[in-house]
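Structure record follows, encoded as structure tokens.
The values are calculated or read from the model by the stated rules, or taken from the named source; none is laboratory data. Nothing here was measured: the structure is a model prediction, and the numbers come from that model. Quick reminder, even Gly has a Cβ in these numbers, built from the backbone with ideal geometry, and neighbours come from all protein chains shown. Side chains included, ligands, DNA and RNA excluded: accessible areas come from the protein's heavy atoms. Shrake-Rupley method; radii C 1.70, N 1.55, O 1.52, S 1.80 Å.
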Amino acid sequence: QVQLVESGGGLVQAGGSLRLSCAASGISASINVMGWYRQVPGKQRELVAIITGGGSTNLADSVKGRFTISRDSAKNTVYLQMRSLKPEDTAVYYCRVIMRPNGMDYWGVGTLVTVSS
């Protein structure tokens, strides 16, 4: 059974940094894309950053220059380094993996990031 375990969320002051981690276990096939999404109550879940198996990345405009996504494919783990955090970055952050070759995806349960002003 596939499980995604996120860690690293918490409370930080504006301008601070946090590093999120997401480790996938129970994986029997190859992971294609790994990524982070976030959601604020009452709003749709939105893409923050994704990274392919080849290392290509795509980041939301709102986090470019502040967030960095990376992965350790050997450990089935994806990271999100967040710097210069703003109160508007406050959200529940979810990890997602998309499998190869069938495109099946899995989500973590989320980790709360709160940025105080």
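Over the chain, the reciprocal of the mean inverse Cα-Cα separation, the Kirkwood hydrodynamic radius, stands at 14.2 Å.
Quick one: putting +1 on the C-beta of Lys and Arg, -1 on the C-beta of Asp and Glu, what dipole do you get for the stretch 1-93 around its Cα centre, in Debye to the nearest 20?
On the way: 10 positive and 6 negative charges, 22 e Å.
In debye, rounded to 20, the stretch 1-93 gives about 100.
Rounded to the nearest 0.05, the FRET efficiency derived from the C-beta distance between residue 27 and residue 117 at R0 = 30 Å is 0.15. Counting protein heavy atoms only, the chain has 48 percent of its accessible area on carbon and sulfur, 1.4 angstrom probe. The heavy atoms of residue 64 offer some 120 square angstrom of accessible surface to a 1.4 angstrom probe.
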